[in-house]
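Trainee: Take a look at the following structure, please.
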Amino acid sequence: MSFAGARLLHISLCVLAGSLVLCGQALCQSAPPDTPPSPATDLVVKDTPDDDGGSVTLSWSLSADDKGGAKDVLSYEIRRSKSPDGPFTTIKKVLKGTSSTTDEKKVENNVDYYYQVVTKDASSETPSAVAGPVRAHVQWFNLGRLNTLLITILYTALLLYFISRAKKGEKLFVRRIAGLDALDEAVGCAPEMGKPALYVPGISTISDVATIASVNILSGVARTVADYDTRLIVPNFDPIVMTVAQEVVREGYMAAGKPEAYREEDVFYVTSSQFPFVAAVDGIMVRERPATNLFIGMFFAESLILAETGASTGAIQIAGTDAIAQLPFFIAACDYTLIGEELYAASAYLSRAPLLLGSLKGQDWMKMFLIGCIFIGLVTLNVGFAGFKSLFDLPLTIFR
Amino acid sequence: MRRQVPLVICFVAGVLMLAQSFVPPLNWFYTNALAWARIISCIAVFIGLISLVRLHATKVRRRAADWKFSIITLLALLYMMLAGLLTRYGVFVKLHGQCVPGSMGDKIVTGFQNAFNFQDIFLNIQIPVQATMFSLLAFYIASAAFRAFRARTFEATLLLVAATIVMLGRVPVGHYIWGVPQATAWILDVPNTAAKRGIMIGIGLGMTSTALKIMLGIERTYLGIKD
Amino acid sequence: MTGLELFWTWVAAFLTLSIYSFLYKDNVFYKIAEHLVVGVSVGYIFTINWFQGLHPYLFHPLAKSGQEPINLLRLIPFFLGLLFLLRISRKYNWLSRFTIALVMGISCGVSIPYTIEARLIEQTKASMIDFTQQPSIWAGICSAIILVGTIATLVFFFFSKEHKGVLGGTARVGIVFIMVGFGASFGYTVMARVSLLIGRLNFLINDWAKGTYHFIFG
Amino acid sequence: MNFWRFLLKMDRRIIFVLVGLAVATPLVVPLNLPVRVTEPVRRLYRAINEIPSNSKPVIISVDYDPSTVPELRPMTLAVLRHCFRRKIPVIVITMLPAGAGLARDAMETVASEFPGSSYGKDFVYMGYKPGASLVMVGIGQDFQGTYPADGFGKPSAELDILKGLHNYDDIAMVLDFTGSSIYESWIMFAYQKYGCKVGAGVTAVMASDAYPYLNTGQLVGLLGGLSGAAEYEQLINWPGNATIGMDAQSVVHILIIVLILLGNIAYFVTRKKHGAAQVAGQGQKGSS
């Protein structure tokens, strides 16, 4: 017998068997097997909040047959029309157990739409009541981020206020930061030993704020190093950071009045791969034997490899990072470590520029503001009022 | 021109980026700007390349210390670039997706085939060196602990006691010592959480103020501009 | 294992041992491995950037391909990228500042709201603890300790006041929390690091030594 | 006293040698130190033990890449061995392109230890499919439609193990071994949507994030890192790489603790001799 023939026979047998089974079921059960599922109810449609239009949010109550019921619901189909009477076209399908979704399929703004949700099982379906009309709108402001905006404005205002006070010549106190005092000392000891200093500005890109802070510190370091006529070696992980580092170091040498001592080949690119970079910097540390190693910026697991290799060469080491996971290792293996916010404070502290010192004052006020918020939140929450805490929800929903 | 224009560019880009997170219709700027930054950083790789080649070529020319090893770097670089480009552009290589673990973490690379052993070199030279460099930490974590964990000061004592308890609590032996598993869990859940949360808020303040200062042009060291 | 696979296993094993030799001291083998991997990794990055970066983000949007319209806006970053390449010119290198300024502006603008939300708002909110909803007295005590620790740590980072009196005392409590937390992180990480070493030793023992043995003796 | 002075000035390469030996020795000569089994591991063991033999298969999703192999491969092997021994059919899949070779390797390693087992009947390898969540939903709707062929290109219809297998109703349990958050997708789709039991094995670092799912019952059990794997090996009484690895871990941890203690003793002993003046000059090392 040919293949096609066998196939045909197989199919007909299956059909026969299938209809027998169906008959059997129909005979045995009083109810027909194909009862349509009960519909989804309470369909609510509204414009998706806080977006730039083109989207409608739907929510409904699950069909009684979803989960608890006969459990034969497979999915829900979302259908849309521009008129309450249809025709409705299918927009998307969602799985059983889902009770909300958004329609973002070519939704025009400011046009009336009507929706229905169709509950489907294996062989039949039940539409819900039609909901609508609903219009998608453009929101010109994202209310869900109002709290973020307010804090941004408050913080900016605080910073600008204290900076302007500093500009007017007001003396602002900044406490001593042990790691930073050591920085000058450490950089100064390199020339005494006739050795170079090494500065690693982290292994991240310039878009990392920690890298930017590191570059600011590098600027101060370069000036000190130039004063002492020492070499400053800066291996880089990122080409853009390298470019910025070159600018900053050159400027530092110029500020110290020694532009001719600046060597561009000492601020160079290595590779943007984490461990190959570490392998190369380890090599530099054991071959050039810098008297001072500075690891400042964003670091990952390589922190301890760098710091331990540096320690083995007897260099004075200062680290600074906001990578919380790496701080323990720097603290263990380096002489001083700038912890988290100290890294950011450092650039202000080093330059002693009034503008930057003013911003430290603003930072402290913001800290007090947040501690105050924590206290108010604690008190209000524990007397049974959760409203204050909900001001810190993300996204903010209390104004919806 | 040299000083003011960059500051204006920085300010405008920063304000637009900031605004788009509050004003939904400005979202298009976000998508575009990220692609722009990506393109710029890709082009910047050429600057890195030039720097690297210049450094090693100079070493070779001057016969500086270890100049022979610089030849290895230059040859490896040249070979990988050519192999990568030829693999993709080569007419005789039929493309079909092949994936390898990326250089940092889980980045997935598709679309390269193993002509010129591009993939083999990556998998058998770069990956093993990376893994081995990473594993050096097992040695260094021990030597750092030995050297640094001395009860010289009160703070150092805290560091060493907490580390010792947690280390003990992590291995089966510690589970047989009364109180160690509980103490380990407590230290990790309570003081550790508190310290991290406090540090994190501090970092958030520092980052935001640095970013704001740069956006507003108050901090301009990065441009190599002196006040 | 084929002959070629065996060859690559030996290459990987040689490099692995070369890196470990650095633990004793710097030497020729380490230098070879180091210089080799720097070259390979930059070549790899170059290729990835070309095909995963420039192709999808620059070449494709500028070339008519498929149904996507040509995106001429992408010429702006291309132009800025070229300005950045002027770094190598002595005369025009100041033009690269335009590019750097744009990248800085974008980065700062993105990071501000994100940082405020993830690091300030979330963490502040997490510190507002409802003591009436604690599962047990002990849990309540722990929550209180976390609260005290968070605030004390924050006080440690006050820069504009001398750490004396109440402020100094609180800051000192903050240091206690910081040091205990760091000690715990250190101790916790040992296991993960040792696992890495086990992984490499397994490679040397199973893939390299045993693999070679089986290749030769069947 | 010379010993203490020597200790303080000890060349760190001695420490490196000690660490190297501490890791390598147990790998060559297993110590089989006892392991105390924790509750999450025991729960997974019990759940697998309750699956009837020669009945519904389990899906084992091998979603790790080379970087987490040392932690995750041993637990995958241990669970596979348990399934093979209890004659529970096993379907091996992976959601990561980098996991393909590793998944096959784990399956073939264990299969070769059970000479009676046969491919297609007791175990099957379905390979890598892109789009993890789509695949998970696809399995719920139509397994064979999602996987028309196995990882070697053989049509699914020809595989005994897949006969009559339509969706999650025909699967006893999903087990995910991963260093990423893929296990959360399994919880979301396989468990929440389709009510299929899900168990997971994750890296030690991730384990604390996964515990909440255990408490809510969304995970039937959890293996965390090398220690979780070692505990499982103990439960199935089949010491393997994890037990050996844990031996190495124990030895290194104890070594470091002993080094710290000796270092401190040496520090205090020599300090008494030299007086306090030198101590004051020690600087801030170790704190900040």
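Trainee: Can you give the average number of partner chain beta-carbon atoms within 10 Å of each beta-carbon in peptide A:144-154, as a whole number? Mind dumping the intermediate values first?
Mentor: Details: counts 1, 8, 1, 5, 10, 6, 1, 8, 8, 0, 0.
Average per residue, whole number: 4.
Trainee: Now, a different point. Would you grab the residues whose amide H sits under 5 Å from the one on A:Ile296? Only those 5+ places off in sequence or on another chain, please, with H modelled 1.01 Å from N.
Mentor: A:Val200, A:Gly202, A:Gly320
Trainee: What whole number of Å gives the distance from the Cα centroid of segment C:86-104 to the Cα centroid of segment A:258-313?
Mentor: 25
Trainee: Sticking with this one: Mind giving me the nanometre distance, one decimal, between the label points for D:Glu50 and C:Leu17, set 7 Å out from Cα along Cα→Cβ?
Mentor: Placing both labels 7 Å along Cα→Cβ, they lie 5.3 nm apart.
Trainee: Now a separate question. In whole Å, what is the distance between the alpha-carbon centres of segment A:198-223 and segment B:37-67?
Mentor: Centre-to-centre distance over Cα atoms comes out at 20 Å.
Trainee: With charges only on Cβ, +1 for K and R and -1 for D and E, what is the dipole size of segment A:41-134 about its Cα centre, in debye, rounded to 20?
Mentor: On the way: 12 positive and 16 negative charges, 61 e Å.
Dipole size: approximately 300 debye.
Trainee: What does DSSP give for the protein assembly as shown in terms of the percent of beta bridges that are antiparallel, rounded to the nearest 5? It would help to have the intermediate numbers written out before the result.
Mentor: Details: 31 of 74 bridges.
Antiparallel bridges make up about 40 percent of those DSSP assigns within the protein assembly as shown.
Trainee: Is there a simple number for the mean count of other chain Cβ atoms within 10 Å of the Cβ of residues in C:88-98, and what is it?
Mentor: On the way: counts 5, 0, 0, 0, 0, 4, 8, 3, 7, 14, 6.
Mean shielding count: 4.
Trainee: For an R0 of 56 angstrom, estimate the FRET efficiency from the Cβ-Cβ distance between D:Asp105 and C:Lys164 and round to the nearest 0.05. Can you show the working numbers first?
Mentor: Working: r = 63 Å, r/R0 = 1.12.
Once the sixth-power term is evaluated, E becomes 0.35.
Trainee: Output the antiparallel fraction of DSSP beta bridges having both residues in chain A, as a percent to the nearest 5.
Mentor: Working: 28 of 47 bridges.
Taking every DSSP beta bridge within chain A, about 60 percent pair in antiparallel fashion.
Trainee: Charges at C-beta only: +1 for Lys and Arg, -1 for Asp and Glu. How large is the resulting dipole of segment A:131-266 about its Cα centre, in Debye rounded to 20?
Mentor: Working: 14 positive and 15 negative charges, 186 e Å.
Here the size comes out at about 900 debye.
Trainee: Return, for the Cα atoms of segment C:1-70, the radius of gyration and Dmax in Å, separated by a comma.
Mentor: My reading of the Cα-based Rg and Dmax gives 19.8, 60 Å.
Trainee: Next question, about the same structure. Once you put a point 7 Å from the Cα of D:Tyr211 and another 7 Å from the Cα of A:Arg176, both along the Cβ direction, what distance in nm separates them?
Mentor: Each label point is offset 7 Å from its Cα along the Cβ direction, giving 4.2 nm.
Trainee: For each pair in D:Lys87/D:Lys129; A:Lys195/B:Lys213; D:Lys163/D:Lys197; A:Lys171/A:Lys367; D:Lys129/D:Lys163, compute the distance between the two Cα atoms and list the pairs where it is over 30 Å.
Mentor: A:Lys195/B:Lys213
Trainee: When chain D is modelled as a GNM with alpha-carbon springs shorter than 10 Å, which of D:Phe123, D:Phe114, D:Phe143 fluctuates the most?
Mentor: Fluctuation is largest for D:Phe114.
Trainee: Give, rounded to the nearest 20 debye, the magnitude of the charge dipole that the protein assembly as shown has about its Cα centre when Lys and Arg contribute +1 at Cβ and Asp and Glu contribute -1 at Cβ. Intermediate values should be presented prior to the final figure.
Mentor: Details: 96 positive and 80 negative charges, 568 e Å.
With only Lys, Arg, Asp and Glu charged at Cβ, the dipole is about 2720 debye.
Trainee: Could you compute the net charge surrounding A:Arg165? Neighbours are other residues with a C-beta less than 12 Å from the C-beta of A:Arg165; K and R count +1, D and E count -1. Write down the numbers at each step before the final one.
Mentor: Details: positive: A:Lys167, A:Lys168, A:Lys171, A:Lys361; negative: A:Glu170.
Neighbour charge sum, excluding A:Arg165 itself: +3.
Trainee: Per residue of segment A:157-163, what does 6.51 cos²θ - 1.76 cosθ + 1.60 with θ = phi - 60° give for ³J(HN,Hα)? Whole Hz please, x for Gly and Pro, Karplus curve as stated.
Mentor: 4, 4, 4, 5, 4, 6, 5
Trainee: Below 8 Å between Cα atoms, with a sequence gap of 6+, how large is the relative contact order for segment D:39-238 in percent? Walk me through the numbers on the way to the answer.
Mentor: Numbers: 397 pairs, mean separation 55.8, N = 200.
Dividing the mean separation by the residue count of segment D:39-238 yields 28 percent.
Trainee: Given points 7 Å out from each Cα along the Cα-Cβ axis, report the B:Arg63 to A:Ala64 separation in nanometres with one decimal.
Mentor: Taking the simple label geometry, B:Arg63 and A:Ala64 are separated by 9.6 nm.
Trainee: Per residue of A:375-387, how many C-beta atoms from partner chains lie within 10 Å of its own C-beta, taken as a mean? Before the final figure, lay out each step's value.
Mentor: Working: counts 4, 1, 6, 6, 1, 1, 6, 6, 1, 2, 0, 2, 0.
Taking the mean over all residues of the peptide, I get 3.
Trainee: Rounded, prolate or oblate: which fits chain A when a ≥ b ≥ c are the square roots of the eigenvalues of the alpha-carbon gyration tensor, with rounded for a/c under 1.5 and prolate only if a/b beats b/c? Could the numbers behind the result be given before it?
Mentor: Numbers: a/c = 3.33, a/b = 2.05, b/c = 1.62.
Prolate, because a/c is 1.5 or more and a/b exceeds b/c.
Trainee: Also: Using θ = phi - 60° and the Karplus curve 6.51 cos²θ - 1.76 cosθ + 1.60, what whole-Hz ³J(HN,Hα) does each residue of segment C:135-143 get, with Gly and Pro shown as x?
Mentor: x, 8, 4, 4, 4, x, 4, 4, 4
Trainee: So what is the 222 nm mean residue ellipticity for chain D from helices alone, if each DSSP H run of at least 4 adds -39500 (n - 2.57) and you divide by all residues, rounding to the nearest 500 deg cm²/dmol?
Mentor: Values: 12 runs with 147 residues, N = 288.
The helix contribution divided over chain D gives -16000 deg cm²/dmol.
Trainee: Specify which residue in the list B:Gly48, D:Met246, A:Pro395 is farthest towards the positive end of the charge dipole of the protein assembly as shown, using unit charges on the beta carbon of Lys, Arg (+1) and Asp, Glu (-1), about the Cα centre.
Mentor: B:Gly48
Trainee: All other residues with a Cβ under 15 Å from the Cβ of C:Trp208 taken together, and with Lys, Arg as +1 and Asp, Glu as -1, what is their net charge? All intermediate terms of the calculation are to be shown ahead of the outcome.
Mentor: Details: positive: C:Arg200, C:Lys210; negative: C:Glu5, C:Asp207.
Net charge in that neighbourhood comes out at 0.
Trainee: Within a Cβ distance under 11 Å of A:Thr126, other residues only, what is the Lys/Arg minus Asp/Glu net charge? Display every interim value, and only then the final one.
Mentor: On the way: positive: A:Lys120; negative: A:Asp65, A:Glu77, A:Asp121, A:Glu125.
My count for the surroundings of A:Thr126 gives -3.
Trainee: Along the charge dipole of segment D:39-238, which of D:Thr178, D:Ile60, D:Leu162 sits closest to the positive end, that is, farthest toward it, with unit charges on the beta carbon of Lys, Arg, Asp and Glu (+1, +1, -1, -1)?
Mentor: Farthest towards the positive pole: D:Leu162.
Trainee: If R0 is 45 Å, what FRET efficiency do you get for B:Trp178 and A:Glu264 from their C-beta distance, rounded to 0.05?
Mentor: The computed FRET efficiency comes out at 0.10.
Trainee: Distance between Cα centroids, segment C:129-155 to segment A:92-159: provide it in whole Å.
Mentor: 38
Trainee: For segment B:1-64, take N as its residue count and report Rg(C-alpha) divided by 2.2 N^0.38 Å. Don't skip to the end; give the middle numbers.
Mentor: Numbers: Rg = 18.7 Å, N = 64, 2.2 N^0.38 = 10.7 Å.
For segment B:1-64, the normalised Cα radius of gyration is 1.75.
Trainee: Moving to a separate point now. Could you tell me the calculated FRET efficiency between B:Phe154 and C:Tyr213, based on Cβ-Cβ distance and R0 = 56 angstrom, to the nearest 0.05? Intermediate values should be presented prior to the final figure.
Mentor: Values: r = 55 Å, r/R0 = 0.99.
The computed FRET efficiency comes out at 0.50.
Trainee: Would you compute, from DSSP H runs of 4+ residues alone, the mean residue ellipticity of chain A at 222 nm, taking -39500 (n - 2.57) per run and dividing by the full residue count, rounded to the nearest 500?
Mentor: Working: 11 runs with 175 residues, N = 400.
The helix contribution divided over chain A gives -14500 deg cm²/dmol.
The numbers here are math on the coordinates, done by the rules we state, and not lab data. Remember, predicted model here, so these are calculated numbers, not experimental data. Virtual Cβ from ideal backbone geometry, glycine too; neighbours counted across all protein chains shown.
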